[in-house]
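Notes follow the structure.
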Amino acid sequence: MTVKVSHTDDVQGLFREACGFNNDQGSPRLKQLMFRLVNDLAKIVEDLEVTEDEFWKAVDYLNRLGGRGEAGLLVPGLGLEHFLDLLQDAKDARAGLTGGTPRTIEGPLYVAGAPVCQGEARMDDGSELDRATVMFLQGVVRDAEGKPVAGAVVDLWHANTLGNYSYFDKSQSDYNLRRRIVTDAEGRYRARSIVPSGYGCSPDGPTQECLNLLGRHGQRPAHIHFFISAPGHRHLTTQINLAGDRYLWDDFAYATREGLVGDIRFIEDTAAARDRGVEGGRFAELEFDFQLQKAVAPEAEKRSQRPRALQGA
């Protein structure tokens, strides 16, 4: 049986000293969080009889996870980012905040500063037209009463046909498949892009290493991410997962939710394609409307302060 020492006065004194409680410098909030963290870790070590080899292997894993920049990938893979959504859903329910398009995870691949377009945008740079299916995406942003919201910013991003995202994939042009579209007087946004592919965690990366040991895959269905914001309305972070994808309801990141499945239509019509400026006779259409909640306070209009990538930084 493991000797329990984590709650002895000596160990608690050690942890309090290590977490800065014996000085009046630094951040009180971080001290509180760190003290809870080291205590919980110590309890895990004791309760599960973690060996020294296991402990240091975990430390090495964290080093490799950070070295590959995959912490933001493992968090949704372990259900923690979806948990944050469920937690906020529960808080909203207690506060009587209901309705609107459901939230879902942001994921780790947003890049700030995408080009701003009025009403409509061309999102792709044309580099994949030899293998991609052109997609026409449109919809209306509405308020809590169902009225169109003019001037809303629809900030959207998605992967290419290989499941890769610009900025993180250096072979793509800057802001490829990333745009901010300001809705028109009828609250409508329109985009011409390409049908994205889903993606899988890098097979030689630490996230997939962990998932393998859990007996899980690391695949995501094809999807499109959105930030939607407008003055007086609550910021919405969400995404559309595309109907028909093999992993639609088996997403390793747990992002698929009822109300967030996009019914994409593939059309084979040479004349219709030509009228829309598409060669080859095949294209896709996807229509998806969003409904925003009213902001109960000014801070609700803003997205979280999560650190994000910035092109050129």
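The values are calculated or read from the model by the stated rules, or taken from the named source; none is laboratory data. What you see is a predicted model; the values in this text were computed from it and never measured. Here the Cβ is made from the backbone with ideal geometry for all residues, glycine too, and neighbour counts use every protein chain on show. For accessibility, only protein heavy atoms count, side chains too; no ligands or nucleic acids. Shrake-Rupley method; radii C 1.70, N 1.55, O 1.52, S 1.80 Å.
If the condition is being in a strand (DSSP E or B), surrounded by fewer than 17 Cβ atoms within 10 Å (Cβ to Cβ) and not charged (D, E, K, R), then the range 242-267 contributes PHE266, ILE267. The set of residues in the range 87-127 being within 16 Å of ASP169 (Cα to Cα) and of a type in the set (S, T, N, Q) consists of SER127 alone.
Is it true that some residue in the range 222-241 is surrounded by fewer than 18 Cβ atoms within 10 Å (Cβ to Cβ), part of a loop (DSSP other than H, G, I, E, B) and among the hydrophobic types (A, V, I, L, M, F, W, C)? No, because not a single residue in the range 222-241 is surrounded by fewer than 18 Cβ atoms within 10 Å (Cβ to Cβ), part of a loop (DSSP other than H, G, I, E, B) and among the hydrophobic types (A, V, I, L, M, F, W, C). On the given criteria, is THR270 more than 17 Å from ASP143 (Cβ to Cβ) and open to solvent by less than 40 Å² (accessible area, probe 1.4 Å)? When the stated conditions are applied, THR270 does not pass them.
Would you say GLY126 is more than 21 Å from TYR165 (Cβ to Cβ) and either modelled with pLDDT of 95 or more or among the small types (Gly, Ala, Ser) (or both)? It is false that GLY126 is more than 21 Å from TYR165 (Cβ to Cβ) and either modelled with pLDDT of 95 or more or among the small types (Gly, Ala, Ser) (or both).
Candidates in the range 64-117 are the residues that are surrounded by 13 or more Cβ atoms within 10 Å (Cβ to Cβ), out of contact with any strand residue (DSSP E or B) (no Cβ under 6 Å at 6 or more places or on another chain) and among the β-branched types (Val, Ile, Thr); of these, the one that is nearest to LYS294 (Cα to Cα) is ILE105.
Being touching a residue at least 24 places away in the same chain (Cβ under 8 Å) and either in contact with an Asp or Glu (Cβ under 9 Å, 6 or more places away or on another chain) or closer than 26 Å to VAL116 by Cβ (or both): is that true of ASN176 here? The answer is yes for ASN176.
Annotation: of all residues in the range 143-166 being open to solvent by 20 Å² or more (accessible area, probe 1.4 Å) and under 22 Å from the mean Cα position of the chain (by Cα), the one that is farthest from ALA230 (Cα to Cα) is LEU162. Selection within the range 280-296: residues that are modelled with pLDDT of 95 or more and of a type in the set (Gly, Ala, Ser). The member of this set that is most open to solvent (accessible area, probe 1.4 Å) is ALA295. Looking at (1) within 20 Å of GLU285 (Cα to Cα); (2) at pLDDT below 95, which is the only condition LEU137 fails? If we test LEU137 against (1) within 20 Å of GLU285 (Cα to Cα); (2) at pLDDT below 95, just (2) comes out false. When the residues of the range 170-210 are filtered to those that are out of contact with any helix residue (DSSP H, G or I) (no Cβ under 6 Å at 6 or more places or on another chain) and among the hydrophobic types (A, V, I, L, M, F, W, C), the one that is surrounded by the most Cβ atoms within 10 Å (Cβ to Cβ) is ILE181.
Screening ASP92, ASP130 for residues that are without any contact (Cβ under 8 Å) to a residue 12 or more places away in the chain, over 19 Å from the mean Cα position of the chain (by Cα) and either within 22 Å of ARG265 (Cβ to Cβ) or in a loop (DSSP other than H, G, I, E, B) (or both) leaves exactly one candidate, ASP130. Beta carbons closer than 7 Å, at least 6 apart along the sequence or on distinct chains, pair a first residue in the range 6-33 that is outside any loop (DSSP other than H, G, I, E, B) with a second that is of a type outside the set (A, V, I, L, M) for PHE15/PHE35; PHE15/ASN39; ARG16/ASN22; ARG16/PHE35; LYS31/CYS19; LYS31/GLY20; LYS31/PHE21. Going residue by residue through the range 151-169, is there one that turns out to be in contact (Cβ under 8 Å) with a residue 60 or more places away in the chain, in contact with an Asp or Glu (Cβ under 8 Å, 6 or more places away or on another chain) and not β-branched (Val, Ile, Thr)? Within the range 151-169, one or more residues are in contact (Cβ under 8 Å) with a residue 60 or more places away in the chain, in contact with an Asp or Glu (Cβ under 8 Å, 6 or more places away or on another chain) and not β-branched (Val, Ile, Thr).
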